[in-house]
Structures are given as structure tokens and as C-alpha cells.
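Here's the structure, in C-alpha cells; my notes come after.
The values are calculated or read from the model by the stated rules, or taken from the named source; none is laboratory data. Keep in mind that what you see is a predicted model, and the values were worked out from it rather than measured. Every residue, glycine as well, gets a Cβ built from its backbone with ideal geometry; the counts of neighbours run over all protein chains shown. Surface areas here come from the heavy atoms of the whole protein model, side chains and all, with no ligands, DNA or RNA. Shrake-Rupley method; radii C 1.70, N 1.55, O 1.52, S 1.80 Å.
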Amino acid sequence: MYLKAIEINDLTVEYPEVKALDKVSFSINQGDFLGIIGPNGAGKSTLFSCMLGILTKYKGTIRFFGEDIRKSRNYLKLIGYVPQKPVFENNFPATVKEIVRMQLTNNSDRQLIDKVLQQVWMHELGNRRIGDLSIGQQQRVFIAKALVHNPKILILDEPVTGVDIQSSEIFYSILRDLNEKQNITIIWSSHDMDAVHKLANKVACLNRTLFFHGISAEFFENEDLVKQYSEASMQQHMHSHEIH
Ligand code: ADP
């Protein structure tokens, strides 16, 4: 079995006005639960866009299970992606089950729909209208959608923004189960440093360059490192407000 799920080498992305990523290199092992932290404008979404094959104008290489993603898009089948704001209008008419069913080519596979809804603790709400659910519950439905194709890697872009504490605890328990019981590699960008500390075994601190990548406890338990990083992030944050 190839141990590395993802290898990123010297990844550089330049937009016309800003270098969003500068020679970022790190790798993610199969089974890792990686928390990516960084202030607004640190390049987290840009990194995900590159990994998902949406942004192709980058320098450097990205490999999934050893294969350069520029050479084939087959790797995308291995990834489940949960976007930042999956919020439906109040009166959106589709039910939870219908939303998940849209992901299926054989849309009569009820067992699979039940299974993925169970994995996100939403099976009892399968017949509810998605627009009537809370943001936290809607996000869980989006994870269920991402699970339909049995992904090896789940990428989540800052979930649980605008969600109450109880809902985020449920969300985190679900992620932990998926990682520990289904052995799904999780890559998750978050502003919540405490949650990253509690959940992730690895952490990547991004701020256009990679400030730290490694074992989560080694970062969070090193006060000097955390302080240094927070100060650098704050400066970046203020700078990004000055120029925009
Ligand atoms: P994050 O997700 O960490 O907030 P982003 O990847 O969204 O960071 O943004 C990194 C930097 O790149 C920011 O300065 C942002 O303004 C800029 N940026 C992001 N997307 C684009 C784009 N499509 N065109 C030009 N600049 C962009």
C-alpha cells in the first residue's frame, strides 16, 4: 500500500496582484487527520482549488497516491469535497434523501443513501426538507453526499462557521468516526485552533508560505511556536486589510 495520500512539492500560485502560495511543500499520510490553519488570505482555498484540479495555473507538483494530478483526473474519484457554505434557502423543496440521491448514478440505491445518512447521524431526518434544517445539519448532509462515492480522502473547507457549539461538537465527532473507523484521510481547514488541537493528528500552519507542518501536539504544546505563528498571522491579517 502506498503510504502517502498526497505529496505537495514547491507549490506556488501567483494571482495578478498577489502571490497566494509560495513554495509550499508537505505530505499527508493515509489515515491522517490534518488541520490546516491560517488567517484570511493565507491561501487555504487556493491550496484546495489546486488539489481539486480547479486551479491548474500553479508551479510545483501535487501527487495523489504517487500520481501527478496534472497527468490524470482519475484521482478526483478518491476525494469527497465539502464546500464552505452549503446553505439552502428556507423554502428549498428537496428532502435530505433527495439531495443525497442526486449524487447517485443508480438513484434507486436506498441502502446506500441510508448508510451515508447514518454515517452523519442524519438518518432520522431523511424525509425533512433540507431548507428547514439548521446550518450544522445541512453541512452533515453535504458530508453524506461526499461519502456516496466511498472517498479515501475528505476535504473540508472551513466547516462549522456560524454553527452553535453543540452542532460543531456533533460535526467533529462524525469527522473523528470517519477518520478512525472508516480510515478516511481528512483534510480540514479551520479557524478553530482548539478544535484542531483536539481532533487533528497533524497540523499545517499556512500563511502564504508554510510556517509549520507536523504532529499537532508538537505545535500546540510549544508556546513559543504558537506565539510566533499568531504574531505572524496577525501581521498578515492587518496587511491584507491595508491593501484590499
Ligand atoms: P484563504 O482561503 O486562506 O482565506 P485564499 O486562497 O482565498 O485564502 O486567498 C489567498 C490570496 O489570494 C488573497 O490575497 C486573495 O485575495 C487572493 N485571491 C484568492 N482568489 C483569487 C482570485 N481568484 N483572483 C485573484 N486573487 C485571488
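Contact map, segment 32-57: residues that are farther than 21 Å from residue 196 by Cβ paired with residues that are near the ligand (Cβ under 6 Å from one of its atoms) and open to solvent by less than 20 Å² (accessible area, probe 1.4 Å), Cβ distance under 7 Å, separation 6+ or inter-chain. Pairs shown: 55/46.
The set of residues from segment 159-191 being within 25 Å of residue 23 (Cα to Cα) and crowded, with 18+ Cβ neighbours inside 10 Å comprises 185, 186, 187, 188, 189, 190. Every condition in (1) away from the ligand (no atom under 16 Å from the Cβ); (2) small (Gly, Ala, Ser); (3) in contact (Cβ under 8 Å) with a residue 12 or more places away in the chain is met by residue 60 except one, and the failing one is (1).
Just to check your reading of the model, which residue among 99, 28, 36 is away from the ligand (no atom under 15 Å from the Cβ), β-branched (Val, Ile, Thr) and at pLDDT 95 or above? Break it down stepwise before answering.
Numbers: 99 fails: at pLDDT 95 or above; 36 fails: away from the ligand (no atom under 15 Å from the Cβ).
After applying the criteria, what remains is 28.
Among the criteria (1) free of Cβ contacts under 8 Å to residues at least 40 places away in the same chain; (2) closer than 27 Å to residue 218 by Cβ, the one residue 22 does not fulfil is (1).
Beta carbons closer than 6 Å, at least 6 apart along the sequence or on distinct chains, pair a first residue in segment 152-180 that is closer than 15 Å to residue 119 by Cα with a second that is of a type in the set (Phe, Trp, Tyr) for 179/33. Here the condition is being in contact (Cβ under 8 Å) with a residue 40 or more places away in the chain, of a type in the set (S, T, N, Q) and surrounded by 16 or more Cβ atoms within 10 Å (Cβ to Cβ); of 119, 137, it holds for 119 alone. Only one entry in 114, 132 is modelled with pLDDT under 90 and either closer than 23 Å to residue 77 by Cα or of a type in the set (D, E, K, R) (or both), namely 132.
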